[in-house]
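What follows is a structure written as structure tokens; I'll ask about it next.
The values are calculated or read from the model by the stated rules, or taken from the named source; none is laboratory data. As the structure is a prediction and not an experimental result, all values here were calculated from the model. Don't worry about glycine lacking a Cβ; one is built from the backbone with ideal geometry, like all the others, and counts go over all protein chains shown.
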Amino acid sequence: MSKVLQAVSSALLVLSVPLAQAAEPALAVTHTDEQLVWGACPDFIPKGCEIAVLHGDPAKANVDVFFKVPASFTIPAHWHTSAERMVLVSGELSVTYEGQPTAVLKPGMYAYGPAKRSHKAVCGSAAACVLFIAFEAPVDAVEL
């Protein structure tokens, strides 16, 4: 193959990568967006808890969700196979991980939950608590 043809082929290959990535649309959404589809939480969590999948497939790795509970709501002790990367969007959430002091999250605060570490939480504010969670592995919640 000539050097010119090789250079053109290489340039087309490099240019095709951004084009392939552009096929997936960007997303910007708030927890109050009317287009969100809220579903039930696992059965062991009391009624009133809801989850909305923002991005990804909960049966696969790298899933983003909003997790919402009413004010004065207790989330029972449980653990996840995946680590969790979280940002509190609204409310005030007290989270206790096994072997650690309780952390009180306020809107905008980041929290990290290690994989398989049991934890529980209480939404202690006058408003509902909404938590953004990024899961690394498929989504699950195992009751203690």
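If I filter the range 41-54 down to residues being aliphatic (A, V, I, L, M) and not in a loop (DSSP other than H, G, I, E, B), which single residue comes out as farthest from A121 (Cα to Cα)?
Result: L54.
Something else: Kindly indicate whether any position in the range 88-99 is charged (D, E, K, R), out of contact with any Leu (no Cβ under 9 Å at 6 or more places or on another chain), farther than 14 Å from I133 by Cα and surrounded by fewer than 20 Cβ atoms within 10 Å (Cβ to Cβ).
Step one: of the range 88-99, the residues charged (D, E, K, R) are 92, 98.
Adding the requirement that they be out of contact with any Leu (no Cβ under 9 Å at 6 or more places or on another chain) leaves 98.
Now drop any that are not farther than 14 Å from I133 by Cα, which leaves 98.
Narrowing further to those that are surrounded by fewer than 20 Cβ atoms within 10 Å (Cβ to Cβ): 98.
Taking every residue of the range 88-99 in turn, at least one turns out to be charged (D, E, K, R), out of contact with any Leu (no Cβ under 9 Å at 6 or more places or on another chain), farther than 14 Å from I133 by Cα and surrounded by fewer than 20 Cβ atoms within 10 Å (Cβ to Cβ).
Hey, A127 hits all of (1) in a loop (DSSP other than H, G, I, E, B); (2) closer than 22 Å to A40 by Cα; (3) at pLDDT 95 or above but one; which does it fall short on?
Unmet for A127, out of (1) in a loop (DSSP other than H, G, I, E, B); (2) closer than 22 Å to A40 by Cα; (3) at pLDDT 95 or above: (3).
Tell me, which residue of the range 112-124 that is out of contact with any Phe, Trp or Tyr (no Cβ under 6 Å at 6 or more places or on another chain) and buried (at least 17 other Cβ atoms within 10 Å of the Cβ) is farthest from S94 (Cα to Cα)?
G113
Please tell me if F73 is of a type in the set (F, W, Y), within 20 Å of V139 (Cα to Cα) and surrounded by 14 or more Cβ atoms within 10 Å (Cβ to Cβ).
The answer is no for F73.
Search the range 55-84 for residues being of a type in the set (V, I, T) and outside any loop (DSSP other than H, G, I, E, B), and hand back the single one that is farthest from A26 (Cα to Cα).
T74
Which of the residues that make up the range 96-116 are closer than 19 Å to A71 by Cβ and without any contact (Cβ under 8 Å) to a residue 12 or more places away in the chain?
T102, A103
Can I ask one more? Given the residues V104, V87, V139, V122, which is the only one that is assigned to a strand (DSSP E or B), β-branched (V, I, T) and under 16 Å from the mean Cα position of the chain (by Cα)?
That would be V87, the only listed residue that is assigned to a strand (DSSP E or B), β-branched (V, I, T) and under 16 Å from the mean Cα position of the chain (by Cα).
Within the range 112-122, identify whether any single residue is of a type in the set (A, V, I, L, M, F, W, C), in contact with a strand residue (DSSP E or B) (Cβ under 7 Å, 6 or more places away or on another chain) and under 22 Å from H55 (Cβ atoms), and answer yes or no.
Taking every residue of the range 112-122 in turn, none turns out to be of a type in the set (A, V, I, L, M, F, W, C), in contact with a strand residue (DSSP E or B) (Cβ under 7 Å, 6 or more places away or on another chain) and under 22 Å from H55 (Cβ atoms).
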